[in-house]
Amino acid sequence: MANDNTGLTRIIKAAGYSCKGFHAAWKNEAAFRQETLLSVVAIIVACWLDVDAITRVLLIGSVLMIVVVEILNSAVEAVVDRIGSERHELSGRAKDMASAAVLLAILIAVFTWATLLWAHYH
């Protein structure tokens, strides 16, 4: 029996799962919606700024990284919540660490924007 999950079929199925993930994050996670909307604004600003291509890529990449990490944070929270609703030290630790990763992504984006724009306009 041939495996139907190879080549183009696998890619199409994976894209479908990704779309479901984006939809679930948008529907269920306020932080994801807020960070996505702010990222869209930041991307528009980065495209409007008179900067070189590498600077533009770094500006855009740094804000997209926030969205990526937020999706992972939401996935961790969903798995922990699925396991059980009772309080457990490891569950709290997992959620806190995922939240810390989001904070680090935000700080990296702020540092990237501040450093690159300071260097460009100063």
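The values are calculated or read from the model by the stated rules, or taken from the named source; none is laboratory data. Because the structure is predicted, anything quoted here is derived from the model rather than measured. Quick reminder, even Gly has a Cβ in these numbers, built from the backbone with ideal geometry, and neighbours come from all protein chains shown. These area figures cover heavy atoms from the full protein model, side chains too; ligands, DNA and RNA do not enter into them. Shrake-Rupley method; radii C 1.70, N 1.55, O 1.52, S 1.80 Å.
Remarks
- Accessible-area ranking of His120, His88, largest first, probe 1.4 Å: His88, His120
- One Cα centroid belongs to region 76-95, the other to region 1-69; the line between them spans 26 Å.
- For the set Glu70, Glu86, solvent exposure ranked by accessible area (probe 1.4 Å, protein chains only) runs largest to smallest as Glu86, Glu70.
- When peptides 102-112, 43-53 are sorted by average Cβ neighbour count within 10 Å, with the highest value leading, the order is 102-112, 43-53.
- Per-residue surface analysis assigns Ser91 an accessible area of about 30 Å², computed on protein heavy atoms at 1.4 Å probe radius.
- Overall Cα dimensions of the chain - principal axes, largest extent first, Å: 58, 44, 22
- Formal net charge of residues neighbouring Arg93 (Cβ-Cβ distance under 14 Å; K, R +1; D, E -1): -1
- Loop-located trypsin sites (Lys or Arg not before Pro) in region 52-122 whose Cβ has at most 15 other Cβ within 10 Å (DSSP): Arg87
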